[in-house]
Amino acid sequence: MNIYELIEKRRSIRSYLPKKVEEEKLKRILNAGRLAPSGKNAQAWKFIVTRRSELKEALVEACKGQKFIAEADCIITVCVDESKVYQQHGAYMTSFMADGTIALQQMILAATEEGLGTCWIGAFFEDKVREVLKVPEPYRIIGLTPLGYSAVEGKERGRKELKEVVVWETWEG
Ligand SMILES: Cc1cc2nc3c(=O)[nH]c(=O)nc-3n(C[C@H](O)[C@H](O)[C@H](O)COP(=O)(O)O)c2cc1C
């Protein structure tokens, strides 16, 4: 698949088969995250791979009861050390969210290439995820994804037309 086909193919998957993800696939996916760009190349991230069922169940609670995440073979959680990232992003914030988001999205696209399902999880209580996974301060939790073999075809959710989201040269055109 080329990159455009991959981008088209990816869907949020909310139902998983009880099937293990092969270690070599998992390693390639994690490596895709490792290779992500980050502000000043800080790479201030950790990717936590959670497979133990009691921890996955605890993450369901931390993610507002989203039960499907525990069906997947693993849950990947991306954390970023906010004290070590680029501090002047746009001269108004740090790059922690951008850095972690890019890494997670690269892993999600790599998973699509490997024939695996994922789903961006942004609905979570940071303090609860921190407690379950024992994430130290000043790491922030960026997001999670279940990773596993999909039990369903992902639904096409629709997108705005290009002309609705692109303007040329300036906002006013
Ligand atoms: C930042 C972010 C947070 C999200 N959080 C959740 C979530 O907590 N639970 C969920 O089921 N889907 C979540 N999603 C998935 C979106 O609902 C989904 O990407 C969107 O509806 C488009 O569908 P698609 O991914 O299948 O194209 C999230 C997506 C993003 C980008």
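As a fraction of the 1.4 Å probe accessible area of the chain, surface on carbon and sulfur atoms comes out at 54 percent.
A simple spin-label model places the labels of ASN31 and VAL135 2.6 nm from each other, with each point 7 Å out along Cα-to-Cβ. For the chain, the spread of Cα coordinates along the three principal axes comes to 51, 38, 30 Å, biggest extent given first.
Its DSSP H runs of at least 4 residues, each contributing -39,500 (n - 2.57), put the calculated 222 nm mean residue ellipticity of the chain at -10000 deg cm²/dmol, to the nearest 500. Computed with a 1.4 Å probe over protein heavy atoms only, the accessible surface of the chain comes to 61 Å² per residue. The mean sequence distance of close C-alpha pairs (under 8 Å, at least 6 residues apart), as a share of the length of the chain, puts its relative contact order at 33 percent.
List residues of segment 57-73, by number, whose backbone nitrogen lies under 13 Å from a label position 7 Å along Cα→C-beta of TRP120. Once the point is set 7 Å along Cα→Cβ of TRP120, nothing inside segment 57-73 turns out to lie under 13 Å by backbone N. Between VAL166 and GLN87, the simple spin-label model (points 7 angstrom out along Cα→Cβ) gives 3.9 nm. Within the chain, which DSSP H helices have Cα atoms that stretch 15 Å or more along the helix axis and a mean Kyte-Doolittle hydropathy of at least -0.5? Helix filter hits for the chain: 96-113.
The values are calculated or read from the model by the stated rules, or taken from the named source; none is laboratory data. Treat the numbers as computed from the prediction; the structure is a model and nothing was measured. FYI the Cβ positions are ideal-geometry reconstructions off the backbone, even for glycines, and counts take in every protein chain you see. The protein model used for the area step is the full one, side chains on, heavy atoms only, and it has no ligands, DNA or RNA in it. Shrake-Rupley method; radii C 1.70, N 1.55, O 1.52, S 1.80 Å.
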